[in-house]
Amino acid sequence: MAKKKLDAVDIAAQQRAREQTEVEQAFLKGVTTLRDLIAPSSLEIHSSHFRLGTKYGRTLYVYGYPRQIYTGWLSSLINIDEVLDVSMFIYPVDSQVVLNNLRKKVTQLEASTSINNEKGKTRDPGLEAAINDAEELRDQIQVGAERFFRFGLYVTLYADSLDELGFVQHKIETLFGQQLIFSKVASGQQEQGLNSSAPQMTDQLQIRRNMNTGAISTSFPFTSADLTQDNGVLYGINMHNNGLVIFDRFSLENANMVVFAKSGAGKSFAVKLEALRSMMTGSEVIIIDPENEYQKLSDAVGGSYIRLSLSSDTRINPFDLPRVIDNDEADDALRANLVTLHGLFRLMLGGTQTTAAGIAMSALTPAEEADLDQALIDTYARVGVTSDPLTHNSPPPTIADLYDTLLHMGGSGPQLAQRLRKYTTGTFAGIFSQQSNIDINNPMVVFNIRDLEDELRPVAMYIVLSHIWNITRTDQKKRMLIVDEAWQLMKYDDSANFLFSLAKRARKYYLGLTTITQDVEDFMGSKMGRAIVANSSMQMLLKQSSSAVDVLSDVFKLTEEEKKRLANFPVGQGLFFAGQSHVHIQVVASATEQQLITTNPQATSQSPAEGVSEPIATGGYTDPGSVV
């Protein structure tokens, strides 16, 4: 008997072991399901908050609205820099039911008015407004111009501590209070609030407000600035809504862009990235590189890298004329180049600078200007080039020919020739005093001027820009021209005027000018500098020095918050302006792009500059009373 009892105990133990094994296997099998992967480690529900893993949360509901609300009233909540979930529930109501209730409501309100009049009470403006609103709403619903809805709005906040949660709640309630919108904590209903704000399509709080079509339309949630187009290149991530900033600069009224940033803020990286991506869309890119920053990119894409120095064999003749096909353009080609040469030789002979009193002082006297003008015309004529477009295919003269013309003419010619001699037979001879031997026939061309002497750099930038401009007029195609360290040109009035002329006329020749500078005060302090900004439809403002923030704030009409951020942006972040819109942007690059663009040999992974760091309706009335 005892043995049978022992056998029964063993069988029961074996049965329990099998069941336990089955349970463990079922548990292990379920661990890898999607629900287990996304579920929080724990969930605690309290009366005024809940705890989701290590995060604290709290749900608020909106229960009161002003008499009238306007488009975009929700944008301050959508764009706030906090972690939150916003849920909106909209329930359509049968129009006939609304009309019946409005009829009763109007009758009640008019009866109240009559009673007040009989008792001799003063008129009640709130009562009169309620009657007018109800009558207007009833008329619009009757003719089908409006519909009626029940609207529920819930906001769930998240924070790392209860104190932080209280601070975020205060910010949200302040935003609502400024617009006469009233909210409350869902006390004792935090679980229902969490379920209502989670993407489950369940309204467990069921706290709703009557609204008509106009009022509902003002709650359209996608009110943050957006600069995404169907075509263009990726500039970065919109930090307002994590959207992509994809834009085609050639779709604007002009394709010019200015980039302002202090040293090390990532401006060259952003411009290189745009140039690389623009080449993928068929644009040619021409770059003036004063610091040897673009050679690696040029080599990577098979571009032409032209090094300008006194010891190099590269030659650019400033007397070159564009080979234009348009007869009107051809007639003006010589005259336009003469004007350009006037500015160049003023720059070479000392430049034109503006005094503190705002007076432009030229290195040439009026008599010298007149003699130089005649010498330029005679120099072209000596090689057979006149205003006749048919003569423009002849080999152009050089500075050496101009020197010879000045030397043998009367007036101030010999003195000007002596001042010009250092460019013909003196220290700076060769590079700009012989016939051109370069050919811009590559999707990317980089002119490096780092090895030129400081005195010769502005002259070189001027001549290179003039040469590029002639090529642009000769062969019109989609091009980008990048001028780095443009402040070197803004120091002299003649070169600044030429750069402004380029910015103003580039659109006609399908050219987009990108101007980059870190000396914002000098650039914006120039009249031509401000004019260049005004003629640029796109601007990018990365991290700035404190002194530059006030200058840019005045020009771009920045808010106090934008001013504060502009001086504290991390590397690679800034404000991106396109037309009338602007957004907070983070420049992003793929690992391959980063390797092609970075100039840091130790950069083997994405740095913060190169990776992601972390209204369409009219106003409407809310219903003055509960009528449904």
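The values are calculated or read from the model by the stated rules, or taken from the named source; none is laboratory data. What you see is a predicted model; the values in this text were computed from it and never measured. Ideal geometry is used to build each Cβ from the backbone, glycine not excepted, and the neighbour counts take in all protein chains shown.
Brief remarks on what is shown
- Filtered by the rule that a residue be out of contact with any Gly (no Cβ under 7 Å at 6 or more places or on another chain), of a type in the set (A, V, I, L, M) and within 17 Å of Gly64 (Cβ to Cβ), region 182-202 gives a lone residue, Val185.
- Elements of type helices (runs of 4 or more DSSP H) contained in region 397-474, each with 2 or more residues being in contact with a Lys or Arg (Cβ under 9 Å, 6 or more places away or on another chain) and buried (at least 16 other Cβ atoms within 10 Å of the Cβ): 399-407, 457-474
Conditions tested, residue by residue: (1) surrounded by fewer than 20 Cβ atoms within 10 Å (Cβ to Cβ); (2) in contact with a Ser or Thr (Cβ under 7 Å, 6 or more places away or on another chain).
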{"position": "Tyr158", "(1), (2)": "yes, no"}
{"position": "Glu164", "(1), (2)": "yes, no"}
{"position": "Ser183", "(1), (2)": "yes, no"}
{"position": "Gln200", "(1), (2)": "yes, no"}
{"position": "Gln204", "(1), (2)": "yes, yes"}
{"position": "Leu227", "(1), (2)": "no, yes"}
{"position": "Ile237", "(1), (2)": "no, no"}
{"position": "His240", "(1), (2)": "yes, yes"}
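- Of all residues making up region 525-542, the number that are of a type in the set (Lys, Arg) and touching a strand residue (DSSP E or B) at 6+ places or on another chain (Cβ under 7 Å): 0
- The residue list Asn231, Asn210, Asn195 contains one member that is farther than 30 Å from Ala531 by Cβ and modelled with pLDDT under 85, which is Asn210.
- Residue count, region 486-518 (criterion: surrounded by fewer than 20 Cβ atoms within 10 Å (Cβ to Cβ) and part of a loop (DSSP other than H, G, I, E, B)): 2
- Within region 473-485, being modelled with pLDDT under 85 and in contact with a helix residue (DSSP H, G or I) (Cβ under 8 Å, 6 or more places away or on another chain) holds for Arg473, Gln476.
- Search result, residues across region 156-211 that are among the β-branched types (Val, Ile, Thr) and farther than 20 Å from Gly53 by Cβ: Ile172, Thr174, Ile181, Val185, Thr202, Ile207
- Number of the condition not met by Leu252 [criteria: (1) touching a Phe, Trp or Tyr at 6+ places or on another chain (Cβ under 8 Å); (2) surrounded by fewer than 24 Cβ atoms within 10 Å (Cβ to Cβ); (3) closer than 29 Å to Gln580 by Cβ]: (1)
- Filtering Phe569, Phe577 for residues that are assigned to a loop (DSSP other than H, G, I, E, B), assigned by TED's automatic domain parsing to the domain that holds Ser278, modelled with pLDDT of 80 or more and surrounded by 17 or more Cβ atoms within 10 Å (Cβ to Cβ) leaves a single hit, Phe569.
- Checked against (1) exposed (fewer than 15 other Cβ atoms within 10 Å of the Cβ); (2) at pLDDT 85 or above, Lys564 passes all but a single condition, namely (2).
- Cβ-Cβ under 9 Å pairs, at least 6 apart or on other chains, region 17-40 side outside the structural domain of Pro199 (by TED's automatic domain parsing) and of a type in the set (Val, Ile, Thr), far side in a helix (DSSP H, G or I) and at pLDDT 65 or above: Val31/Leu37
- Boolean, Ser501 is of a type in the set (S, T, N, Q), assigned by TED's automatic domain parsing to the domain that holds Ala531 and at pLDDT 85 or above: yes
- Hits in region 130-145 - residues which are within 44 Å of the chain's Cα centre (by Cα) and in a helix (DSSP H, G or I): Asp133, Glu136, Leu137, Gln140, Ile141
- Among residues of region 425-438 that are assigned by TED's automatic domain parsing to the domain that holds Glu453, none has a Cβ under 8 angstrom from a residue that is loosely packed, with under 13 Cβ neighbours inside 10 Å and aliphatic (A, V, I, L, M) at a sequence gap of 6+ or on a separate chain.
- Which listed residue, of Lys272, Lys184, is at pLDDT 85 or above and touching a strand residue (DSSP E or B) at 6+ places or on another chain (Cβ under 8 Å): Lys184
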